[in-house]
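First up is the structure itself, then whatever we jot down about it.
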Amino acid sequence: MSKKFKTFEQGFTLLEIMVAIAILGIGLLVILQLFSEGLRSVSTSDEYTAATIYAKERMAEVLTSSELTATTKEGLSENNKFQWKVEVTPYPMETVKNNPPFFVYRIKVAITWPGRLGKKGIELETLKTVVQKQ
């Protein structure tokens, strides 16, 4: 009588383990890419927020000044991160028939800073009326 041996294959083959590790590695790579992109987005958002706050400060300085004349000013922020430019120009009043008792000025504040792929920037713009002196 011949005896038949039953063989039981238990465990994983080397090929199965290598495929599982490759899939795990690809998954981890995707997760790290997403995390990295999320951090980059937070950094970019922080830069835009800081630039907007700085632009509002510059705008407030112009709006609260006692004399408003057509000028252009430029400079750097205290930490040398932002470059700013403020332009005050007369607003065209051709549509008004009578001479109004006020002047209208356009105030434009531009903030730029270096980014990863070039310059980034924002612009704020508003109008202000100034009463004509008699």
The one condition residue 42 fails out of (1) surrounded by 11 or more Cβ atoms within 10 Å (Cβ to Cβ); (2) assigned to a helix (DSSP H, G or I) is (1)
Looking at region 92-129, which of its residues are touching a helix residue (DSSP H, G or I) at 6+ places or on another chain (Cβ under 7 Å) and part of a loop (DSSP other than H, G, I, E, B)?
-> none
The residue that is nearest to residue 103 (Cα to Cα), considering only those in region 45-69 that are charged (D, E, K, R) and part of a helix (DSSP H, G or I), is 61
Mind listing whichever residues of region 75-91 are of a type outside the set (D, E, K, R), closer than 20 Å to residue 60 by Cβ and in a strand (DSSP E or B)?
-> 75, 76, 83, 84, 86, 88, 89
Scanning region 112-134 for residues that are in contact (Cβ under 8 Å) with a residue 60 or more places away in the chain and hydroxyl-bearing (Ser, Thr, Tyr) gives 126
Within region 92-134, restricting to residues that are within 21 Å of residue 62 (Cβ to Cβ) and charged (D, E, K, R), the one that is farthest from the chain's Cα centre (by Cα) is 133
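Values in this text are rule-based calculations from the coordinates and carry no lab data. Keep in mind that what you see is a predicted model, and the values were worked out from it rather than measured. Neighbour counts run over all protein chains shown; Cβ positions are idealised from the backbone, glycine included.
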